[in-house]
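What follows is a single structure, written as structure tokens, with notes after it.
Computed from the coordinates by the stated procedures, all read-outs in this text should not be read as laboratory data. Bear in mind that the values here come from a model prediction, so they are computed numbers and not experimental data. Neighbour counts are summed over all protein chains in view; Cβ atoms, including those assigned to glycine, are modelled from backbone coordinates with ideal geometry.
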Amino acid sequence: MTDYTPKPEHRFTFGLWTVGNVGRDPFGEPVREPLSPVEIVQLLAEVGAYGVNFHDNDLIPIDATPAERDKIVADFKKALADTGLVVPMATTNLFTDPAFKDGAFTSNDPKVRAYALQKTMNAIDLGVELGAKVYVFWGGREGAETDAAKSPLDAIQRNREAMNFLCDYVIDQGYDLKFALEAKPNEPRGHIYNATTGHMLAFIETLDHPEMVGVNPEVAHEQMAGLNFLHGVAQAWDAGKLFHIDLNDQVIGRYDQDFRFGSADIKSAFFLVKFLEDVGYQGSRHFDAHAYRTEDYEGVKDFARGCMRTYLILKEKAAQWNADPEIQALLAEINRDDGETDPFKGAYTAAKAAALRAHRFDRKALGARGLAYERLDQLTIEVLLGVR
Ligand code: GLT
Ligand code: MN
Ligand code: MN
């Protein structure tokens with residue numbers, strides 16, 4: 001058995017808001033006393049995380065004075081230096097304050113839109129000061145309950161204006177910072193604009209600086225939409241846009257659960273880890289999740305350790321799957337190629353098209369062939385169940 005101890009090269013990160021989650025939900029009060037940012041850094045160091053991410057207001061209360069801000073930042077920097085944790089990513093809270101009840105960048109109120117830009121510029125400065133290289137945008141309130149209130153076209157254009165403004169701000173400051181847009185289909189709004197990673201990828205291409213902007217897909221958010229998360233991640237990777245990833249788990253059709261990674265759908269988690277490891281994804285593995293509301297802080301540590309341990313176990317299973325002779329033989333058989341179609345392969349030429357049109361396929365034989373996917377999937381399950 002391998003050693004499943006998290007190491008810095010695994011790039012395991014948590015947000016201040018994840019292990020710091022106090023267990024408030026729409027029906028119940030907090031069940032855990034809040035920890036200070038410094039205490040959260042210490043907890044993350046204790047469980048073996050590599051980095052910590054934050055929203056501006058996770059670290060600095062929204063109405064802190066400049067002097068209070070400086071003190072908090074100094075204490076936080078000291079905690080980072082003492083523990084060796086780094087800050088790979090930062091983001092803005094554009095959803096908690098009542099000012100953002102109708103969205104931030106897409107609000108119908110131009111003052112709210114301007115305030116959101118101002119708040120984000122300040123939060124970008126803070127993130128960069130603490131070392132962040134990726135800046136996440138999760139537009140949780142950028143949505144609507146009724147389309148009577150706002151044209152979705154206005155929302156798209158306002159979102160674009162904000163992204164363009166902020167990209168230029170980053171360029172103007174000379175910051176080494178990329179943006180990662182995070183989609184979610186609904187909650188806390190009835191409908192959220194740019195509802196999936198696919199929507200985000202299309203939107204990014206309409207920006208003035210698409211090269212600065214990628215995505216931050218979250219497992220639960222695509223699953224809430226009933227989608228296959230891995231397929232969205234693969235599309236982002238193919239587009240060169242997988243700048244960050246939020247790992248957690250979710251039962252389809254439920255509320256936004258943000259469960260411990262791999263705790264609900266182990267098979268999807270396996271194929272996701274296998275994909276990230278196979279393609280050589282180098283970014284953070286950020287666990288955007290929180291402990292069950294039943295837990296005290298020992299349980300929170302169990303939760304955090306569990307996220308990382310499950311990832312490492314699945315990484316080992318992926319290597320085992322890749323090395324399994326029976327699985328590899330099946331894959332070779334599934335993908336066998338006797339060269340019959342070689343004359344038509346590759347880019348179009350008129351000659352190839354003519355040759356392809358003239359070719360006779362044995363359609364009955366094509367349809368009659370068994371593909372052995374049942375056997376392949378069962379072998380996968382047996383790898384996961386630990387009997388191979
Ligand atoms: C919030 C949300 C997450 C986002 C965070 C970043 S905040 O917890 O549910 O998915 O990634 O704004
Ligand atoms: Mn997230
Ligand atoms: Mn979530």
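Residue order for L59, L94, L85, fewest other beta carbons within 10 angstrom first, comes to L85, L59, L94. Counted by Cβ distance under 13 Å from V112, the other residues give a net charge of +3, where Lys and Arg count +1 and Asp and Glu count -1. Annotation: the antiparallel percentage among DSSP beta bridges lying fully within segment 126-245 is about 20. Taking every DSSP beta bridge that has both ends in the chain, the antiparallel portion is near 15%. This ranking places C307, C167 by how few other beta-carbon atoms lie within 10 Å of each, fewest first, which gives C167, C307. Here the Gaussian network model covers the chain, with springs between Cα atoms less than 10 Å apart; of R32, R189, R375, R375 fluctuates the most.
The region of the chain that goes longest without hitting one of the GluC sites (Glu not before Pro) in a DSSP loop, each with at most 16 other Cβ atoms within 10 Å, is 1-144. Look at where the Cα atoms of segment 331-370 and of segment 1-46 average out, and the two centres are 53 Å apart. Taking a ≥ b ≥ c as the square roots of the eigenvalues of the Cα gyration tensor, segment 1-155 is prolate, since a/c reaches 1.5 or more and a/b is larger than b/c. So if each residue of separation counts as 0.36 nm, and I subtract the Cα-Cα distance between E46 and D362, what length gain in nm does that give? Net length gain for the segment: 107.5 nm. Ranked by how many other Cβ atoms sit within 10 Å of their own Cβ, fewest first, the residues V219, V87, V73, V128 fall in the order V73, V128, V87, V219.
Largest GNM mean-square fluctuation across V22, V134, V279, computed for the chain with C-alpha springs under 10 Å, falls on V279.
Considered as an equivalent ellipsoid built on the Cα gyration tensor, the chain has semi-axes of 40, 28, 20 Å, the largest given first. Once you list every other residue whose beta carbon is under 14 Å from the beta carbon of D154, what net charge do they have if Lys and Arg are +1 and Asp and Glu are -1? In short, -1. Round to a whole angstrom and tell me the spacing of the C-alpha centers of segment 286-312 and segment 118-173. Centre-to-centre distance over Cα atoms comes out at 30 Å.
One way to sum up the overall shape of segment 237-356 is the equivalent ellipsoid from its Cα gyration tensor, whose semi-axes run 41, 18, 13 Å, largest first.
The relative contact order of segment 128-268 comes to 22 percent, based on Cα pairs under 8 Å that sit 6 or more residues apart.
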